Amino acid sequence: MTDTVSKPVKYPTIHLQASRQRRVLQGHPWVYSNEVQMDTAAKAVPPGSPVRLVDAGGTPLGIATFNPHTLIAARMLSNDPATVVDHNFVTGRLKRAVELRDRLFDRPYYRVVHAEADGLPGLIVDRFGDVVTVQANSVFMDLRIDAILAAIDEVLAPRAVILRNDSTQRALEGLPEETRLVKGVIDGPIRLEENGAVFFANPLDGQKTGWFYDQRDNRAFIAALAKGGRAIDFFSYNGGFGIQCAVAGATSVVSVDRSALALENAARAAEANGVADRFEARRADAFHEMERLGAAGETFQVVVADPPAFVKAKKDLAVGCRAYRKMAKLAARITAPGGYLLCGSCSHNVDPPTFAEQVARGLTDAGRTGRILRSAGAGPDHPVHPNLPESAYLKAIVLQLD
Ligand code: SAH
């Protein structure tokens, strides 16, 4: 990183309030601002600096990134107080993350870095073969973006790199939004592979990082149940669930989304996978379309409803839960007897039991019974920090309905 390595490195010291060290000692990666002795010296530490974290008595706890202006004031980088946060530190963590993915996947299409769980708090890196997207969600990562890009070049040697700095977390850190090509040329959608199928995404102007690799295993699971029947995929985005159902042998598939660009990518994927004759892209509001199909008495062997986060902030929990419940009800209504329903949620503010409860209630509202076949989270390229349950944000419940 840009920090010069002159040994020993002396980082500013940040003291915790009395008896606030326990969570850090138990392995939690964050310290909130009210747990820090926010004196003049602490307030003067430039946002994004590495700091030496000590308890109220001065006992070292480790090295963290620090921002005196955010609710999450410190994010742990290492419990070893002698850690030097230099280029080798980032490259080392990046290499470790890539080695794990190399072992997990045959093909170079996956999330490379999943922030805290990969020891790089605030950093997201996705790989689409030789195209890489990067999101720096903290001032610390943002300030070191050139060094991070250099480490990515060293470890992954991509042909093109896109900075996707458009997340809501950046706003919390006081960082501006920007999406920018920082290396190479991108002309048109980029190609990616998942579970043996080919897809297209627009990381320069699509949503988030261009593709949601997190549902990989859940897509494979539901696709295997779609053979020989009709499938419909609500909130389809670039066609991940639906196209995989078609490739697995569904007789027909409809992808429903309100984004024309997403549906263009889905249609292109249908062509590329040789299933265009069994595929329809339908631009519609998902809730309206579910209502319409329900009223028309249409049913499908497989129904997928994996929407955007309905609960973006804690205060929206009640409203968002009602939306999940309604979604489950409407989706259940158009699931054929004996058919399969997948309900997904990527709201980190909704924990798995709460989501399961909304799905169960929705089923009851629809007058349907069934059984849960799978309750799962994200695939292993989105690892979970063991002491940060919020990093397990994804939920997917698959049911068979009677
Ligand atoms: N299921 C997707 C991920 C969903 S992303 C996947 O497997 O990759 C959310 C998608 O929902 C976006 O493509 C967005 O355009 C779409 N969307 C959001 N609100 C919608 C609505 N009311 N009706 C239809 N599509 C909607």
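Against the definition (surrounded by fewer than 15 Cβ atoms within 10 Å (Cβ to Cβ) and touching a residue at least 12 places away in the same chain (Cβ under 8 Å)), how does residue 260 come out, yes or no? Yes; evaluated as a whole, the condition is true for this residue.
Once the stretch 225-269 is narrowed to residues that are of a type in the set (D, E, K, R) and in a loop (DSSP other than H, G, I, E, B), the residue that is nearest to the ligand (Cβ to nearest atom) is 258.
Scanning the stretch 119-136 for residues that are more than 12 Å from the chain's Cα centre (by Cα) and open to solvent by 10 Å² or more (accessible area, probe 1.4 Å) turns up 119, 127, 129, 130. Counting the residues of the stretch 302-319 that are more than 9 Å from the ligand (Cβ to nearest atom), within 14 Å of residue 355 (Cα to Cα) and crowded, with 23+ Cβ neighbours inside 10 Å gives 0. Against the criterion of being at positive phi and part of a strand (DSSP E or B), residue 62 qualifies. Would you point out the residue of the stretch 196-207, among those that are surrounded by 18 or more Cβ atoms within 10 Å (Cβ to Cβ) and of a type outside the set (A, V, I, L, M, F, W, C), that is farthest from the ligand (Cβ to nearest atom)? That would be 203. The one condition from (1) in contact with a strand residue (DSSP E or B) (Cβ under 6 Å, 6 or more places away or on another chain); (2) surrounded by 19 or more Cβ atoms within 10 Å (Cβ to Cβ) that residue 83 does not meet is (2). A search for C-beta distances below 6 Å between a residue of the stretch 11-34 that is on the phi > 0 side of the Ramachandran plot and any residue that is surrounded by 12 or more Cβ atoms within 10 Å (Cβ to Cβ), counting only pairs 6+ apart in sequence or on different chains, returns 27/387.
For the structure I just gave you, tell me whether residue 214 is within 15 Å of the ligand (Cβ to nearest atom) and either under 30 Å from residue 73 (Cβ atoms) or not assigned by TED's automatic domain parsing to the domain that holds residue 265 (or both). Judged against the criteria, residue 214 is a match.
Residues that are farther than 24 Å from residue 227 by Cα and in the same structural domain as residue 390 (by TED's automatic domain parsing): does the stretch 268-280 have at least one? No, the stretch 268-280 contains no residue that is farther than 24 Å from residue 227 by Cα and in the same structural domain as residue 390 (by TED's automatic domain parsing). If you go through the stretch 183-194 and keep only what is surrounded by fewer than 24 Cβ atoms within 10 Å (Cβ to Cβ) and within 12 Å of the ligand (Cβ to nearest atom), you end up with just 194. Put simply, of 332, 378, 356 the only residue that is within 29 Å of residue 28 (Cα to Cα), part of a helix (DSSP H, G or I), touching a residue at least 24 places away in the same chain (Cβ under 8 Å) and not assigned by TED's automatic domain parsing to the domain that holds residue 23 is 356. Within the stretch 273-327, if we keep just the residues that are hydrophobic (A, V, I, L, M, F, W, C) and assigned to a loop (DSSP other than H, G, I, E, B), the residue that is nearest to residue 253 (Cα to Cα) turns out to be 275. Of all residues in the stretch 32-75, those that are of a type outside the set (Gly, Ala, Ser) and within 20 Å of residue 123 (Cα to Cα) total 15. Would you be able to say whether some residue in the stretch 214-223 is part of a helix (DSSP H, G or I), open to solvent by 60 Å² or more (accessible area, probe 1.4 Å) and over 24 Å from residue 327 (Cα atoms)? Looking for residues that are part of a helix (DSSP H, G or I), open to solvent by 60 Å² or more (accessible area, probe 1.4 Å) and over 24 Å from residue 327 (Cα atoms), one finds none in the stretch 214-223, hence no. Residues in the stretch 146-175 that are under 20 Å from the mean Cα position of the chain (by Cα) and open to solvent by 20 Å² or more (accessible area, probe 1.4 Å): 166, 168, 169, 171, 172, 173, 175.
Of the residues making up the stretch 270-298, those that are farther than 24 Å from residue 217 by Cβ and within 13 Å of the ligand (Cβ to nearest atom) are 281, 282, 283, 284, 285, 287, 288, 289, 290, 291, 292. For residue 248, the test of being open to solvent by less than 10 Å² (accessible area, probe 1.4 Å) and touching a helix residue (DSSP H, G or I) at 6+ places or on another chain (Cβ under 8 Å) is failed. Among the residues of the stretch 194-227, those that are within 17 Å of residue 341 (Cβ to Cβ) and over 17 Å from the mean Cα position of the chain (by Cα) comprise 220, 221, 222, 223, 224, 225, 226, 227. The residues on offer are 362, 377, 344, 338, and the sole one that is open to solvent by less than 70 Å² (accessible area, probe 1.4 Å) and on the phi > 0 side of the Ramachandran plot is 338.
The values are calculated or read from the model by the stated rules, or taken from the named source; none is laboratory data. Here the structure is a predicted model, which means the values were calculated and not measured. Positions of Cβ are backbone-derived with ideal geometry, glycine not excepted, and every protein chain shown enters the neighbour counts. When the accessible area is computed, the model is the full protein with side chains, heavy atoms only, and any ligands, DNA or RNA have been set aside. Shrake-Rupley method; radii C 1.70, N 1.55, O 1.52, S 1.80 Å.
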